[in-house]
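What follows is a set of notes on a single structure, which appears directly below.
The values are calculated or read from the model by the stated rules, or taken from the named source; none is laboratory data. No experiment lies behind these values; they were computed from the predicted model shown. Ideal geometry is used to build each Cβ from the backbone, glycine not excepted, and the neighbour counts take in all protein chains shown.
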Amino acid sequence: MACRGIRGATTTSGNKAEDVLARTQELLEEIRKRNGFRLEELASILFTATTDLNAAFPAQAARALGWKDTPMMCAHEIDVPGSLTHCIRVMILWNTEKPAGDIRLVYLHGAERLRPDLAEEFAAQNPAEAAFRTPASIAFQGEHGAYSEEAILLGLGDANTRVSCRTFAELFLAVVSGRTEAALLPVENSTTGSIHSSYDLLLENQLHIVGELILPVRHAVMVPPGVEAETVRQVISHPQALEQCSRWIASQNWEAVPVHDTAGAARMIAEDPRPDRAAIASETAARLHGLKVLARSIQDVQANYTRFLLLAKDPEPIAPPAKTSLIFATMHKPGSLHACLDEFSRRGINLTKIESRPDRKTPWHYLFYLDFEGDSADPKVVDAMEAMKSHTEFLRVLGSYPSRTLGRKEEE
């Protein structure tokens with residue numbers, strides 16, 4: 001049996017543990033998905049990191065994924081002028097009969113520049129990953145340390161100005177007024193479902209979807225230094241976070257009190273420390289405000305993801321599109337919705353989501369939000385949408401855009 005080497009690399013926005021772990025886990029999962037190996041077939045793994053990163057973090061990420069029995073070695077690279085910064089590389093040695101030409105290499109988040117000889121192969125494997133353009137300024141809901149800001153940092157890096165907004169409506173205003181180039185809007189959580197106010201705002205405003213980021217959300221409960229769990233009677237957080245952790249909160253017999261933002265909840269207990277009050281937020285927010293983490297990953301469903309849409313006035317997507325979203329209203333006739341959806345089915349276009357919302361102008365009439373795989377400029381998509389018009393009273397394309405899932409895909 002031969003021993004094949006699988007190379008890969010990725011970059012991160014900085015030396016924060018959660019950023020390095022998430023990017024490393026994403027890289028390892030993508031390498032495993034593209035090559036199809038079993039963990040027991042691995043001989044060893046070598047990680048290297050640039051000197052601006054903690055060299056131990058990548059191996060910690062692999063162990064957290066459950067890669068516990070494979071020998072690993074970590075090292076710092078020698079600095080080379082002009083080389084990538086915040087870069088993690090991996091060499092996985094795999095005992096396999098697979099031909100060397102069938103081994104798939106994986107380079108993510110700008111690390112593709114390390115292998116210009118394979119540029120065409122990388123573009124074919126993941127065209128959206130090859131050229132993710134980052135807006136110069138991005139509005140997000142919540143305070144600094146919020147999950148929305150975490151998604152920006154993990155998905156688009158830190159080479160941008162991030163502007164905090166209190167409400168979702170303020171996000172749209174920031175872009176419409178020119179205060180920011182783009183905004184990141186949460187629209188759906190894999191545990192609690194759609195955020196209806198976000199969908200209503202998409203209809204009410206004329207911004208375009210230019211990208212999608214899907215963030216694994218791991219909630220932590222935190223308290224001021226010196227406070228112990230035994231004295232806590234109340235926990236504060238955003239309503240979505242409280243709902244996603246409802247079973248854990250009930251097990252503690254704590255009162256759940258909603259506030260406007262997860263990171264804001266962390267700030268509130270830091271500024272007004274009380275022995276009876278805790279907050280649910282990200283570990284980033286805990287570090288930012290000097291809080292003590294009592295428990296990690298307390299969400300009721302461990303595979304807990306939030307989907308964010310990147311919005312801009314310019315409809316140009318930040319990379320080659322992989323998905324399209326639109327809104328439509330059917331004619332009030334039997335079979336109209338079926339006829340609309342059938343236009344996609346007959347052309348082999350895969351639908352990924354359909355959501356109905358009340359039409360605020362006409363009681364008991366509904367609008368449909370539809371997501372599907374493909375670009376609105378694709379001829380078969382153009383044909384499907386043109387054919388829909390005979391069954392609809394209203395149709396608007398919200399955008400065609402690339403999608404990126406951040407971090408690892410966890411199992412329930």
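Computed quantities for the displayed model
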{"read-out": "Criterion: part of a strand (DSSP E or B) and either outside the structural domain of Ile195 (by TED's automatic domain parsing) or over 23 Å from Gly193 (Cα atoms) (or both) - qualifying residue of Leu341, Leu370", "value": "Leu370"}
{"read-out": "Cβ pairs under 7 Å, 6+ apart, first in the range 242-259 and assigned by TED's automatic domain parsing to the domain that holds Ser282, second basic (Lys, Arg) and surrounded by fewer than 17 Cβ atoms within 10 Å (Cβ to Cβ)", "value": "Trp254/Arg233; Glu255/Arg233"}
{"read-out": "Output for the range 170-204, where each listed residue is free of Cβ contacts under 8 Å to residues at least 40 places away in the same chain, out of contact with any Lys or Arg (no Cβ under 9 Å at 6 or more places or on another chain) and either among the aromatic types (Phe, Trp, Tyr) or under 20 Å from Pro135 (Cα atoms) (or both)", "value": "Glu170, Ala174, Ser177"}
{"read-out": "Members of the range 177-219 found to be within 14 Å of Leu310 (Cα to Cα), out of contact with any helix residue (DSSP H, G or I) (no Cβ under 7 Å at 6 or more places or on another chain) and not in a loop (DSSP other than H, G, I, E, B), listed by number", "value": "Glu188, Tyr199, Leu202, His208, Ile209, Val210, Gly211, Glu212, Ile214"}
{"read-out": "Of all residues in the range 250-281 being surrounded by fewer than 21 Cβ atoms within 10 Å (Cβ to Cβ) and of a type in the set (A, V, I, L, M), the one that is farthest from Gln234 (Cα to Cα)", "value": "Ala270"}
{"read-out": "Of residues in the range 282-336 being of a type in the set (S, T, N, Q) and in a strand (DSSP E or B), the one surrounded by the most Cβ atoms within 10 Å (Cβ to Cβ)", "value": "Thr324"}
{"read-out": "Unmet requirement for Asp383, which otherwise passes all of (1) part of a loop (DSSP other than H, G, I, E, B); (2) at pLDDT 95 or above", "value": "(1)"}
{"read-out": "Any hit, the range 62-79, residues being touching a Pro at 6+ places or on another chain (Cβ under 7 Å) and either touching a residue at least 24 places away in the same chain (Cβ under 8 Å) or among the basic types (Lys, Arg) (or both)", "value": "yes"}
{"read-out": "Qualifying residue in the range 3-12 (condition: buried (at least 21 other Cβ atoms within 10 Å of the Cβ), among the aliphatic types (A, V, I, L, M) and under 30 Å from Gln302 (Cβ atoms))", "value": "yes"}
{"read-out": "Filter result for Trp94 (of a type in the set (Phe, Trp, Tyr) and more than 24 Å from Thr405 (Cα to Cα))", "value": "yes"}
{"read-out": "Residue among Ala312, Ala329, Ala339 that is under 24 Å from Gly110 (Cβ atoms) and among the small types (Gly, Ala, Ser)", "value": "Ala312"}
{"read-out": "Single residue of Lys33, Lys16 found to be more than 21 Å from Asp158 (Cβ to Cβ), out of contact with any strand residue (DSSP E or B) (no Cβ under 8 Å at 6 or more places or on another chain) and surrounded by fewer than 21 Cβ atoms within 10 Å (Cβ to Cβ)", "value": "Lys33"}
{"read-out": "Whichever residue in the range 78-114 is within 14 Å of Thr51 (Cβ to Cβ) and either surrounded by fewer than 10 Cβ atoms within 10 Å (Cβ to Cβ) or over 29 Å from the mean Cα position of the chain (by Cα) (or both) and, among such residues, is modelled with the highest pLDDT", "value": "Ile78"}
{"read-out": "Condition check for Thr167: under 22 Å from Val20 (Cα atoms), surrounded by fewer than 23 Cβ atoms within 10 Å (Cβ to Cβ) and either touching a Phe, Trp or Tyr at 6+ places or on another chain (Cβ under 6 Å) or not small (Gly, Ala, Ser) (or both)", "value": "no"}
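Conditions tested, residue by residue: (1) under 25 Å from Ser197 (Cα atoms); (2) at pLDDT 90 or above.
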site	(1), (2)
Leu310	yes, yes
Glu316	yes, no
Ser325	yes, yes
Ile354	yes, yes
Asp375	no, yes
Asp378	no, yes
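Yes/no matrix, rows are residues, columns are (1) modelled with pLDDT of 95 or more; (2) over 24 Å from Val223 (Cβ atoms):
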{"residue": "Ala266", "(1), (2)": "yes, no"}
{"residue": "Asp276", "(1), (2)": "yes, no"}
{"residue": "Ala279", "(1), (2)": "yes, no"}
{"residue": "Arg287", "(1), (2)": "no, no"}
{"residue": "Gly290", "(1), (2)": "no, no"}
{"residue": "Pro321", "(1), (2)": "no, yes"}
{"residue": "Met331", "(1), (2)": "no, yes"}
{"residue": "Pro334", "(1), (2)": "no, yes"}
